[in-house]
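The values are calculated or read from the model by the stated rules, or taken from the named source; none is laboratory data. Just so it is clear, the model here is predicted, and its values are computed rather than measured. Methodologically, a virtual Cβ is constructed for each residue, glycine included, from the backbone with ideal geometry; neighbour enumeration extends over all protein chains shown. The accessibility values were calculated without ligands, DNA or RNA, using every heavy atom of the protein model including side chains. Shrake-Rupley method; radii C 1.70, N 1.55, O 1.52, S 1.80 Å.
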Amino acid sequence: IYKDTDRSKRERAWRLAAERQLADRGAINDLWVRFLDLRQRIAANAGRSEYRAYRWQQLLRFDYTPADCRRFHRAIQYVVVPAATRVYERRKERLGVRSLRPWDLDVDPLGRESLKPFKEVDELESKSSQIFRRVDPKLGEYFDIMRKEGLLDLANRKGKAPGGYCTSFPVVKRPFIFMNAVGLHEDVQTILHEGGHAFHVFETRDLPYHQQRVVTMEFAEVASMAMELLSAPYLTADEGGFYTPEEAARARVEHLEDNLLFWPYMAVVDAFQHWVYENPEVARKPDNCDREWTRLWKQYIPDVDWSGLEDVMVTGWHRKLHIHQNPFYYIEYGLAQLGAVQIWAKAIRDQAGAVADYRKALALGGMVPLPQLYATAGAKLVFDSQPLKEAVELVTGTIGKLEEGF
């Protein structure tokens with residue numbers, strides 16, 4: 001409904017959802033205090049001075065520190081936020097509105113209906129197979145094994161759990177992809193993303209020990225995010241994909257803009273969590289959390305108009321499940337996205353070489369440190385402004401070229 005071209009309809013739907021979410025404000029605040037107290041006890045029982053130190057070890061973060069995260073936040077503020085502002089300004093102009101409201105962020109700004117890439121799941125599978133084969137024949141072969149062995153559950157149906165993911169069956173050394181496809185471009189993006197995770201399972205299947213196949217999320221998400229970018233040139237029907245050239249350009253622009261806008265949001269989520277566990281007694285009061293979330297939101301995402309909707313904006317931390325269920329698990333996506341863009345940059349120059357390096361890195365599993373995984377894939381694990389600036393320039397430059405055909 002948030003993609004509907006009728007702005008009043010989008011607003012009504014958004015307000016109804018927000019009203020229902022705010023009804024749980026008190027209950028979530030009560031749970032929050034219990035979560036914090038429990039986590040402090042867990043850290044103390046484990047002999048750690050603070051929960052963050054405990055969680056850092058639990059997440060196997062041996063190759064970067066909280067200070068590195070802070071550097072990444074600052075780089076995003078100085079490099080990505082101005083680029084994101086330009087994206088928001090362009091959206092506002094195209095929609096013809098005086099300010100961007102929260103219900104204006106998902107609709108196509110040129111008033112086009114949603115892309116409809118396929119009608120049946122068989123078509124999603126067959127065309128995805130062709131795209132993967134264009135990226136690399138072996139990857140296409142992996143995907144076809146999944147089709148043949150019933151390792152894909154893609155169609156939406158009544159009573160099916162929501163969401164999408166890739167899991168693995170360690171005994172038979174096979175991946176399994178679950179999703180709820182309804183015929184939209186988001187479904188195509190999901191199968192490309194989860195396909196990257198599945199290929200990771202295939203590439204590590206010959207490692208003899210389970211522990212060698214354990215890969216932390218900072219690189220596991222490189223496998224999936226890079227596959228989205230490596231697959232993008234083959235979305236057109238003449239490459240075996242789903243779209244006309246114009247439709248494919250539109251899909252790619254939407255994807256790249258989403259990637260760009262994600263970095264500032266990721267910084268808000270991660271910086272908020274560092275603040276919480278550096279100041280646990282202050283964070284025990286939900287009103288303080290509301291204020292800190294608001295401060296960070298205005299710092300990193302200043303271009304959306306929340307006037308009259310302040311209660312919804314300040315409780316945004318309520319609606320990010322990672323904060324409540326998986327503390328400190330989120331910066332992985334930002335780091336992985338930067339790695340994925342670096343792999344894509346190499347693929348533009350040398351597609352075959354980039355894919356070969358990508359597969360070599362996947363095949364290492366978790367046998368080498370994180371920086372070496374990135375390096376093998378043709379990327380760098382970095383937190384600074386210059387590499388992020390290069391990534392943003394590639395993303396924004398590609399958007400500009402793709403939009404020339406609109």
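Some points to look at:
- Test set (1) in contact with a strand residue (DSSP E or B) (Cβ under 8 Å, 6 or more places away or on another chain); (2) within 23 Å of A237 (Cβ to Cβ); (3) open to solvent by 60 Å² or more (accessible area, probe 1.4 Å) - L124 fails condition number: (3)
- Any pair with Cβ under 6 angstrom, 6 or more apart, that starts in segment 135-158 at a residue that is of a type in the set (G, A, S) and ends at one that is part of a helix (DSSP H, G or I): G140/S129; G140/F132; G140/R133; A155/V121
- Residue in segment 329-349 that is over 25 Å from Y234 (Cα atoms), of a type in the set (S, T, N, Q), in contact (Cβ under 8 Å) with a residue 24 or more places away in the chain and surrounded by 15 or more Cβ atoms within 10 Å (Cβ to Cβ) present: no
- The residue that is farthest from R252 (Cα to Cα), among those in segment 154-163 that are within 20 Å of the chain's Cα centre (by Cα) and either modelled with pLDDT under 95 or open to solvent by 70 Å² or more (accessible area, probe 1.4 Å) (or both), is P162.
- Test set (1) among the aliphatic types (A, V, I, L, M); (2) open to solvent by less than 30 Å² (accessible area, probe 1.4 Å); (3) within 20 Å of the chain's Cα centre (by Cα) - V276 fails condition number: (3)
- Filter result (closer than 24 Å to L256 by Cβ and open to solvent by less than 10 Å² (accessible area, probe 1.4 Å)) within segment 350-372: A354, V355, Y358, A361, L362
- Residues that are open to solvent by 50 Å² or more (accessible area, probe 1.4 Å) and without any contact (Cβ under 8 Å) to a residue 60 or more places away in the chain within segment 39-59 comprise R41, I42, A44, N45, G47, R48, S49, Y54, Q57, Q58, listed in sequence order.
- Here F62 meets each of (1) in contact (Cβ under 8 Å) with a residue 60 or more places away in the chain; (2) surrounded by 14 or more Cβ atoms within 10 Å (Cβ to Cβ) with one exception, condition (2).
- For V97: the one exception among (1) outside any loop (DSSP other than H, G, I, E, B); (2) in contact with an Asp or Glu (Cβ under 9 Å, 6 or more places away or on another chain): (1)
- Test: residue in segment 17-38 that is in contact with a His (Cβ under 6 Å, 6 or more places away or on another chain), open to solvent by 40 Å² or more (accessible area, probe 1.4 Å) and at pLDDT 95 or above: yes
- Checking S231 against (1) under 20 Å from the mean Cα position of the chain (by Cα); (2) open to solvent by 40 Å² or more (accessible area, probe 1.4 Å); (3) hydroxyl-bearing (S, T, Y), the condition it does not meet: (2)
- Residues being surrounded by fewer than 18 Cβ atoms within 10 Å (Cβ to Cβ) and either at pLDDT below 95 or in a loop (DSSP other than H, G, I, E, B) (or both) - total across segment 305-320: 5
- Members of segment 178-214 found to be among the hydrophobic types (A, V, I, L, M, F, W, C), buried (at least 22 other Cβ atoms within 10 Å of the Cβ) and closer than 26 Å to Q342 by Cα, listed by number: V188, I191, L192, A198, F199, V201, F202
- Boolean, L260 is assigned to a helix (DSSP H, G or I), farther than 25 Å from F169 by Cβ and either modelled with pLDDT of 95 or more or open to solvent by 20 Å² or more (accessible area, probe 1.4 Å) (or both): yes
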